[in-house]
Amino acid sequence: SVPSPSGSVPGAAAPFRPLFNDFGPPSMGYVQAMKPPGAQGSQSTYTDLLSVIEEMGKEIRPTYAGSKSAMERLKRGIIHARALVRECLAETERNART
C-alpha cells in the first residue's frame, strides 16, 4: 500500500489536511476553504470550530494512553482550532465596525 500524500492514516477519520510547511499565517499549515464575499462566514467558521473541538475531544483519552498518532492528531487539531478562532475574531471585529 502506498501512503497518501496528505499524511492521513487509512481508516482514520481526520478532518485536517496538513501541508508540508506547518509554519506561517494564515493557514498555519492547513488548507482552508475560501468563502465567497458576503457569505455567512462567521456562522460556518464557528460551526467548523465546534466540530474541530469535538474531534479533539475524541483524542484526549488515547493520548493519555500513550498513542502517538492520537497525540499528533490532537496537535493538528489545536493548530486548526487556533486558526479558526482567529477567523472568528476577525469576523467579529469586521462586524463591529459596520
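Taken together, the values in this text are just the output of simple stated rules run on the coordinates, not laboratory data. Remember, predicted model here, so these are calculated numbers, not experimental data. FYI the Cβ positions are ideal-geometry reconstructions off the backbone, even for glycines, and counts take in every protein chain you see.
Couple of notes before you dig in:
- Considering only alpha-carbon pairs that sit under 8 angstrom and 6 or more positions apart, the relative contact order computed for region 40-94 is 48 percent.
- The 3J(HN,Hα) values that the Karplus relation (6.51, -1.76, 1.60; θ = phi - 60°) gives for region 77-89 are, in residue order, x, 5, 4, 5, 4, 4, 5, 5, 4, 4, 5, 4, 5 Hz. Gly and Pro appear as x.
- Spin-label pair Glu54-Arg82: with each label point 7 Å from Cα along the Cα-Cβ axis, the two points sit 2.5 nm from one another.
- For region 49-70, the residues whose amide N sits under 16 Å from a probe point set 7 Å from the Cα of Thr92 along the beta carbon direction are 49-50.
- Reduced Cα scattering model of region 40-94, Debye log10 I(q)/I(0), q = 0.13, 0.17, 0.22 Å⁻¹: -0.36, -0.54, -0.75
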